[in-house]
Amino acid sequence: MGKLFGTDGVRGITFTELTPELAFKVSAATCTHFGEGSRLLVGRDVRIGGSMLESAVVSGLLFSGCKPVLLGYIPTPGLQYNVAVDDSVDGGIMITASHNPPEYNGLKVIDSDGIEIPRWKEDEIEKIIFEDRIRPRKWDAGVDKVDSKTDALDTYLRGILARIDVQAIRRREYKVIVDAANSVGSLSVPSVVKSLGGKVITLNGHLDPTFPGREPEPTPASLTVASKMVLNEKADMGVGLDGDADRSIFIDDKGRVLWGDRLAIPLAIFLSRKHLELPRRVYTGVSSSFFIEEPLKREGIEVVWMRVGSVDISRRLASEGGLMGFEENGGTMYPLHHPVRDAAMTTALVMEMLATERRSLSELIDSYYPKTYTIKTKIPMPRKRAIKVLEIVKEHYKGNRIVDIDGVKILKNDSWLLVRPSGTEPVLRIMIEAKDESKAIDLLEEVKSLINQAG
Ligand code: MG
């Protein structure tokens, strides 16, 4: 049996891999799984093929007897929030390829709680397709009709502002550079900043499916223009979004692009003071830096390490509770609004943090995060050999603290290292971070000699 769902939904190159037929099948099977008569919200980002796929998704849902409700252009977290707060809605399908290159598109299936469906439901939907169990509805089961909802974006934005001390932030009149990646984030984040009294300068703010400004993934490399603009405009901060505006990477007032795990330290501490009632716990994937643990521990906040992947983090945060979930790639989840990655919600929280702490973003980052040296590299090797390497690494460092839920992570006092076979290509990923450079290089050499032992 083939595999349609990847790490986050069904993805493929539009027209050749992700065809209307495939979108039809996934949607009809999703309807079969949710049950005939289910109401599902359908939204899309700016990507080419979005209109074609939207029609195919609507067809698939109608064919199997579901009720599609069109939202049009909306960020993924906007659709997710609407699914969560509207009792008449059973789920949703978001047409997006998130941060992938422009030629891609995709489908994310959203469960009735507004979070992406768990793995076992993806398997179920795949089985319905591969076992040929998609069935048409009966002709006399009611009129097939497509609804639309025009206030979904507004509902989402009002939900964000309801969680924030708007007046306290308005007085500060923050200047914020928003790099909206020419996609649906331009409909949410600039509006939130303005509602909070901020002066917004939007970069790549018009909707353009060719992504003329930069690639849809926010990284230090793709945010160089935004970073310069923060400095030139003497802005308080900048934020770069991905294609469906769930991920957000922040830029401090010194123009430094901050990975999500860096930002999570002051944010988690701020949230622990804002919400004394919440469990003092945060959730993140093993690819986040180990150096986040120390400053959080000092504040009595526990870090729960998890497999890499936002859906698992969202679901665990929702069921066990905590202050937040985060990924180093900029996915930040605030459970009191909705436990999914949300760029607009995160932007509002960062502004509230600055207003409450009365310090600049660079001061907050520097006061918690030590100066470190990072190495990220990958070595091509078959998966079998990579698994053997993991065993050798584990044995070699057995006196240290080891986290082995996804690859092997070795935690020392002044350094950490992670070796992890990639889920998508035959390579072993290596991440090393140390408080001094020579230590990091020594560790890499050590790991390389262990790899040689694996034959
Ligand atoms: Mg995304």
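The values are calculated or read from the model by the stated rules, or taken from the named source; none is laboratory data. Fair warning: this is a prediction, and the values are worked out from it, not measured in the lab. Please note: Cβ atoms are built from the backbone with ideal geometry, for glycine as well, and neighbour counts cover all protein chains shown. Please note that ligands, DNA and RNA were not included when accessible areas were found on the heavy atoms of the full protein model with its side chains. Shrake-Rupley method; radii C 1.70, N 1.55, O 1.52, S 1.80 Å.
How many residues, within region 262-308, are open to solvent by 10 Å² or more (accessible area, probe 1.4 Å), among the aromatic types (Phe, Trp, Tyr) and within 17 Å of the chain's Cα centre (by Cα)?
Final tally of qualifying residues: 1.
Yes or no: region 330-346 includes at least one residue that is open to solvent by less than 50 Å² (accessible area, probe 1.4 Å), of a type in the set (Asp, Glu) and away from the ligand (no atom under 16 Å from the Cβ).
No, region 330-346 contains no residue that is open to solvent by less than 50 Å² (accessible area, probe 1.4 Å), of a type in the set (Asp, Glu) and away from the ligand (no atom under 16 Å from the Cβ).
Among the candidates Val89, Val83, Val10, single out the residue that is in contact (Cβ under 8 Å) with a residue 24 or more places away in the chain and within 15 Å of the ligand (Cβ to nearest atom).
Numbers: Val89 fails: within 15 Å of the ligand (Cβ to nearest atom); Val83 fails: within 15 Å of the ligand (Cβ to nearest atom).
Testing whether each residue is in contact (Cβ under 8 Å) with a residue 24 or more places away in the chain and within 15 Å of the ligand (Cβ to nearest atom) leaves just Val10.
Of everything in region 247-261 that's among the basic types (Lys, Arg) and surrounded by fewer than 22 Cβ atoms within 10 Å (Cβ to Cβ), which residue is nearest to Ser310 (Cα to Cα)?
By that ranking, first place goes to Arg256.
Determine if region 309-323 includes at least one residue that is over 22 Å from the mean Cα position of the chain (by Cα) and surrounded by 22 or more Cβ atoms within 10 Å (Cβ to Cβ). Don't jump to the end; show me each part of the working.
To start, the set of residues in region 309-323 that are over 22 Å from the mean Cα position of the chain (by Cα) comprises none.
No, the conditions are met nowhere in region 309-323.
Going through Thr210, Thr202, Thr219 one at a time, which residue ends up being β-branched (Val, Ile, Thr), within 16 Å of the ligand (Cβ to nearest atom), in contact (Cβ under 8 Å) with a residue 24 or more places away in the chain and open to solvent by 10 Å² or more (accessible area, probe 1.4 Å)?
Thr219
Any residue at all in region 83-92 that is at pLDDT below 95 and open to solvent by 40 Å² or more (accessible area, probe 1.4 Å)?
no
Of all the helices (runs of 4 or more DSSP H) wholly in region 227-340, which have at least 3 residues that are of a type in the set (A, V, I, L, M) and modelled with pLDDT of 95 or more?
Because the criterion is at least 3 residues that are of a type in the set (A, V, I, L, M) and modelled with pLDDT of 95 or more, the helices (runs of 4 or more DSSP H) in region 227-340 that meet it are 260-274, 310-320.
So that you can scan it fast, the table gives a plain yes or no per residue for (1) open to solvent by 40 Å² or more (accessible area, probe 1.4 Å); (2) within 27 Å of Val143 (Cβ to Cβ); (3) not basic (Lys, Arg):
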{"site": "Val10", "(1), (2), (3)": "no, no, yes"}
{"site": "Thr16", "(1), (2), (3)": "yes, no, yes"}
{"site": "Ala23", "(1), (2), (3)": "no, yes, yes"}
{"site": "Phe34", "(1), (2), (3)": "yes, yes, yes"}
{"site": "Leu40", "(1), (2), (3)": "no, yes, yes"}
{"site": "Ser59", "(1), (2), (3)": "yes, yes, yes"}
{"site": "Ile74", "(1), (2), (3)": "no, yes, yes"}
{"site": "Pro77", "(1), (2), (3)": "no, no, yes"}
{"site": "Met94", "(1), (2), (3)": "no, yes, yes"}
